[in-house]
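What follows is a set of notes on a single structure, which appears directly below.
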Amino acid sequence: MTPLERKTPSVADTTDPHALPIDEYRDLFPVARRRTWLNHASQGTLAQPVLHALHEALRQHAEGDFDGPREFAMYERVRSVAADFIGAAAGEVSFTKNIPDALNIIAHGLQWRPGDTILIPDQEFPANVYPWRNLAEQGVETLMVPSRDGDVAVDDIIDRLDQRTRLVSVSWVQFATGFRVDLRRLADACHDNGTLLCVDAIQGLGAFPLDVAATGIDFLATSSHKWLLAPTGAGWLYCRKELVPSLNVQFVGQSSYERRVGANYLDYDLPLWPDSRRFEPGIHNQLGLVGLEASLKLLTEIGAEPIRDQIRTLSSRVADELTARGYHVVSNRHADHWSGIVAFESDRTDMSAVHKALTAADVITSLRGPRVRVSTHFYNDHDDIDRLLAALPD
Ligand SMILES: Cc1ncc(COP(=O)(O)O)c(C=O)c1O
């Protein structure tokens with residue numbers, strides 16, 4: 001039986017502990033038969049088991065097979081799967097639409113004092129800038145720590161910690177350069193200073209294993225549609241359980257309160273959920289979460305370490321071959337800082353022409369400023385990289 005036959009009907013319901021060799025999972029990705037997709041830092045693709053789960057959910061919807069209790073049980077199942085994926089407890093996870101949605105829960109949940117400061121690296125994706133800068137009218141200052149050639153120098157952030165620093169917020173992996181931050185070290189330094197650590201994990205989660213409890217992260221936001229290979233709009237916020245009661249719940253609705261299935265809708269005096277469900281005002285993105293469950297189960301079945309190792313093999317080859325062809329690879333490939341993102345530039349070639357040539361050959365990458373960004377996931381293979389190299393202009 002092929003991996004496709006074996007997994008298509010079953011992966012949404014079971015986790016098979018007997019993962020296949022990693023390259024056998026490529027067949028599960030329809031995109032691999034059509035084009036060379038090296039663009040996971042922008043948009044991931046969907047595997048067959050995810051399509052199957054989505055199709056089944058749509059069929060149920062279309063045919064009126066809606067079943068409220070089953071639907072709510074599904075949400076709680078996905079919550080547990082998402083929590084397990086990052087070493088959290090289910091009660092520490094709330095579903096969100098996207099990264100700013102999650103960060104705004106924190107920004108409007110913490111009780112700020114005028115004069116508080118927030119530190120962020122200076123080349124963050126804007127999702128991790130605006131929610132903090134929006135606090136200026138409360139007297140909270142967002143300070144940017146200069147990067148060093150696109151690298152986030154954790155030492156420089158640590159040097160800037162002082163008694164006013166309430167929060168540090170960083171991307172685990174920088175969107176433009178792929179630089180991966182040592183979260184453990186940063187968390188320890190933040191906590192020694194009485195500062196909270198918030199992480200935008202969108203460019204790392206799905207490519208690298210992460211245990212939030214062991215790492216000491218206080219808040220983590222992620223979205224579904226990049227390295228997690230799920231539909232858009234099915235992200236989640238992790239909030240360390242000790243911190244949940246201390247946050248203001250800024251947006252409330254029927255789902256924020258302890259209303260159980262079948263309870264009286266006209267009882268308006270229910271307490272807030274004691275856990276992170278209090279941050280969810282209403283109904284969820286049903287299809288997004290159906291797809292997320294299937295993708296997280298697939299990623300879990302394959303295993304975070306084999307996925308990371310395969311991404312390392314492929315992205316290292318990309319970096320080495322581009323360097324050999326005279327391009328400047330700006331991504332830091334040190335053992336502690338590499339990621340699935342390889343960004344490259346050239347002082348003798350117009351990079352928008354390079355990006356155009358790649359796209360014309362159906363090799364999908366991103367143009368980010370003066371660089372082309374290549375982002376390989378585990379189901380890419382060496383043929384994909386051969387096609388990338390062959391499509392580069394002379
Ligand atoms: C680091 C980072 N954060 C956030 C986002 C966007 O997140 P969302 O689509 O959930 O708004 C991106 C997208 O490129 C990103 O690279």
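Every number in this text was worked out from the coordinates using simple rules, so none of it is lab data. In this text the structure is predicted, and so the values were computed from the model without any measurement. With ideal geometry, Cβ positions are generated from the backbone for all residues, glycine too; neighbour counts draw on all protein chains shown.
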Exercise for review: Could you please report the charge total around Leu314, scoring K, R as +1 and D, E as -1 over all other residues with beta-carbon less than 14 angstrom from its beta-carbon?
Suggested key: -2
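Order by neighbour count: Val168, Val244, Val154, fewest other Cβ atoms within 10 Å first, most last.
Values: Val168 27, Val244 21, Val154 18.
Fewest-to-most ranking of Val168, Val244, Val154: Val154, Val244, Val168.
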Exercise for review: Grab the other residues whose beta carbon is less than 15 angstrom from that of Leu392, score K and R as +1, D and E as -1, and report the net.
Suggested key: -1
Revision key, fill the gap. Final fewest-first order of Thr45, Thr36, Thr323 on the 10 Å Cβ neighbour count is Thr323, Thr45, Thr36
Revision key, fill the gap. In the chain, lysine pairs 8 or more places apart or on different chains with C-alpha atoms under 24 Å apart total 7
Check your understanding: If you place +1 on the Cβ of every Lys and Arg and -1 on the Cβ of every Asp and Glu, how big does the dipole about the Cα centre of the stretch 113-182 come out, in debye to the nearest 20?
Key -> 240
Review point. Nearest 0.05, what FRET efficiency do Arg35 and Asp309 give at R0 = 25 Å with Cβ-Cβ as r?
Key: 0.50
**Study point:** Under 11 Å from the Arg164 label point (7 Å along Cα→beta-carbon), backbone N, the stretch 135-149
**Key:** 140-143
**Study point:** Residues Ser169, Ser375, Ser352, Ser256, sorted so that the one with the fewest Cβ neighbours within 10 Å comes first
**Key:** Ser352, Ser256, Ser169, Ser375
Check your understanding: What spacing in nm lies between the two simple spin-label points modelled at Thr359 and Phe125, each 7 Å away from Cα in the Cβ direction?
Key -> 2.0
Exercise for review: Divide by every residue of the chain the summed helix terms, -39500 (n - 2.57) for each DSSP H run of at least 4, and state the resulting mean residue ellipticity at 222 nm, rounded to the nearest 500 deg cm²/dmol.
Suggested key: -10000 deg cm²/dmol
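For the stretch 162-284, rounded, prolate or oblate, judged on the Cα gyration tensor with a ≥ b ≥ c (square roots of eigenvalues), a/c < 1.5 rounded, else prolate if a/b > b/c?
Since a/c reaches 1.5 but b/c is at least a/b, the shape of the stretch 162-284 is classed as oblate.
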Check your understanding: Scanning the chain for GluC sites (Glu not before Pro) in DSSP loops with at most 15 other Cβ atoms within 10 Å, what's the longest stretch left with none?
Key -> 64-257
Check your understanding: Among Tyr268, Ile341, Gly282, whose Cα sits farthest toward the positive end of the charge dipole of the stretch 208-360 (+1 at Cβ of Lys/Arg, -1 at Cβ of Asp/Glu, about the Cα centre)?
Key -> Ile341
Practice item. Using DSSP, restrict attention to beta bridges with both residues in the chain and report what percent are antiparallel, rounded to the nearest 5. Key: 50
**Study point:** Average Cα contact separation per residue, the stretch 123-234, under 8 Å, 6 or more apart, as relative contact order %
**Key:** 21
**Study point:** Additional length obtainable on full extension of the chain from Asn248 to Leu367, 0.36 nm per residue less Cα span
**Key:** 38.9 nm
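Hey, got the dipole for the chain? About the Cα centre, +1 on K and R Cβ, -1 on D and E Cβ, debye to the nearest 20?
That gives the chain a dipole magnitude of about 480 debye.
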**Study point:** Radius of gyration and maximum dimension Dmax of the stretch 104-213, Cα, Å
**Key:** 13.2, 39
Review point. Which of the listed residues, Ser246, His191, Gly139, is farthest toward the dipole's positive end in the stretch 137-264, when Lys, Arg count +1 and Asp, Glu count -1 at the beta-carbon?
Key: Ser246
Study note, to complete from the structure: Gyration tensor on Cα atoms of the chain, a ≥ b ≥ c root eigenvalues, a/c under 1.5 rounded, else prolate if a/b beats b/c, else oblate, says oblate
Review point. With Cβ to Cβ distances under 11 Å as the rule, what net charge do the other residues near His40 carry (K, R +1; D, E -1)?
Key: +2
Practice item. Give me the number: length gained by fully extending Ala390 to Ala213, i.e. 0.36 nm times residue separation minus the C-alpha to C-alpha distance, one decimal in nm. Key: 59.3 nm
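Taking each full run of DSSP H in the chain as one helix, which ones are at least 27 Å long along their axis (Cα atoms) and have mean Kyte-Doolittle hydropathy of at least 0.0?
Sorted by number, there is nothing, because no helix extends far enough and scores high enough.
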Point to revise | Contact order normalised by residue count of the chain, Cα under 8 Å, 6+ apart, percent | key: 23
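Could you calculate the contour length gain from Ala335 to Leu143, that is, 0.36 nm times the residue separation minus the distance between their Cα atoms, to one decimal place in nm?
Length difference between fully extended and current span is 66.2 nm.
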